[in-house]
1. Between residue 230 and residue 308, what FRET efficiency comes out of the Förster formula 1/(1 + (r/R0)^6) with R0 = 60 Å and r the beta carbon distance, rounded to 0.05?
2. With +1 on each Lys and Arg Cβ and -1 on each Asp and Glu Cβ, and nothing else charged, work out how big the dipole of segment 24-404 is about its Cα centre, in Debye to the nearest 20.
3. For a footprinting-style exposure proxy, rank 71, 231 by other Cβ within 10 Å, fewest first.
4. In percent, what relative contact order does the chain have, based on Cα pairs under 8 Å that are 6 or more apart in sequence?
5. Assuming R0 = 60 Å, what is the FRET efficiency of residue 270 and residue 101, from their Cβ-Cβ distance, to the nearest 0.05?
6. Please arrange 237, 195 by how many other C-beta atoms lie within 10 Å of their C-beta, fewest to most.
7. Only helical DSSP H runs with n ≥ 4 go in: add -39500 (n - 2.57) per run for the chain, normalise by residue count and round the 222 nm mean residue ellipticity to 500 deg cm²/dmol.
8. Mind checking which lysines have their Cα closer than 23 Å to the Cα of residue 98? Skip sequence neighbours fewer than 8 apart in that chain.
Amino acid sequence: MKTRPDAPVIPADRGKCPFDPPAAYARLRAENPISPITFQVAPADTSGWLVTRHDLVRQILADNRFSHRNELLAHVVAPPFPMDEYNPQPSPPGSFAKTDAPEHSKYRRLLAGHFTVRRIQQFEPELTRIIGETLDEMAAQGSRADLLTSFAEVVSVRTVQSLMGASAELMAVISKHFSAMMTLTYTLEEFIHHVESMDAALRPMVRERMKEQGDDLFGQLASTGELTEEEMVNLAVLTLGGSLDTTPNMLALSTFALLEQPEQLALLRSRPELYEAGAVDELMRYLTISQMGSSRCALEDVEIEGVTIKAGQTVVLSLPAANRDPSVFTDPDSLDVTRIPRKHLALGFGAHQCLGQHLARATLRIGLRTLFERFPKLRLATPADEVPLRDRAVHYGVDSLLVAWD
């Protein structure tokens with residue numbers, strides 16, 4: 001195992017503004033939008049490229065000459081233990097997020113109909129109820145709370161539980177283990193424990209659904225007759241865990257950003273139709289919590305912008321850098337809730353674009369609007385520079401967000 005000291009690693013050091021990506025991205029995007037990188041923990045001689053310009057990121061995300069397979073990319077978001085202890089394997093059947101077609105296409109097709117715009121619109125009354133009840137419970141605590149643990153995380157867990165027909169007990173187990181894995185602080189033994197614990201918790205539910213084939217998501221998947229028990233368990237891990245880290249981080253970090261930029265919050269209060277128009281997507285663009293970006297492995301030699309990306313090399317696509325590209329977004333380093341950022345890449349692009357994007361938008365739209373209507377004098381309970389940030393995790397966000405209200 002070794003790293004190359006002559007090549008830079010992916011930028012990680014943020015400046016004073018908690019909502020801006022590392023400043024190094026702006027320089028790279030302007031001067032060297034496809035730049036060589038190495039990885040802090042990687043097999044010997046592993047090298048790759050960091051792509052920071054919007055058009056190039058989008059181009060590669062849509063190019064099937066680049067693979068998203070797990071066994072080719074495990075070193076990008078490296079586990080927090082030596083890679084020689086970990087032999088990356090292909091994703092197991094059903095865990096399709098890091099696979100290519102035809103495996104990816106098969107499983108995504110089975111799930112896609114459950115996350116359409118129409119299906120999420122039908123779910124919105126239930127989502128509104130969940131959000132309202134959670135805020136009522138938060139208000140009952142007094143006049144101060146941790147918005148992350150009392151609101152954002154609770155809404156996410158209850159939403160997934162309701163939409164997918166999982167029990168509260170099951171969601172508590174999945175949430176615990178999935179969240180631990182997103183922090184990148186586990187040992188190899190802990191990693192195995194998290195994986196095995198989620199499998200053990202989900203298998204009884206899967207067996208029940210395959211026997212009963214009810215009306216919930218997993219019952220309907222079982223009724224297709226296309227999936228084995230193992231595939232169902234792995235699909236369950238992916239779908240149940242898919243929003244348990246992203247949605248809470250976006251809800252809490254968006255609240256933090258709006259409280260720190262009161263002129264933008266005032267616009268949303270006076271013009272709530274902006275939530276529907278584009279404010280939620282603007283928050284996604286501006287914050288881009290996928291701080292590791294997206295990664296691909298070249299399956300053959302590919303020349304882009306005069307750079308030859310060799311077969312087997314890794315390409316890290318910086319979504320935070322792409323979403324701050326001034327050639328696409330006017331004044332990109334400013335949050336503008338009146339903006340309609342149609343080309344933002346916070347949810348990805350191409351075949352792997354976020355399957356739950358319509359649910360994510362609905363949760364943010366209803367969650368933020370209801371929060372600020374319910375607590376018109378919501379404010380930070382600590383100085384902004386004392387808010388603890390998750391700057392070394394898979395997804396950026398806050399570790400807590402103490403707020404107060406009258």
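1. 0.90
2. 960 debye
3. 71, 231
4. For the chain, the relative contact order is 23 percent.
5. 0.80
6. Listing 237, 195 from fewest to most nearby Cβ atoms yields 195, 237.
7. That calculation yields -14000 deg cm²/dmol at 222 nm.
8. Partners found: 106, 176, 310.
Bear in mind these aren't lab numbers, they're just calculated from the coordinates by the rules spelled out. Predicted model, so just to flag it, every value in this text is computed and none were measured. Backbone-built Cβ (ideal geometry, glycine too); neighbour counts: all protein chains shown.
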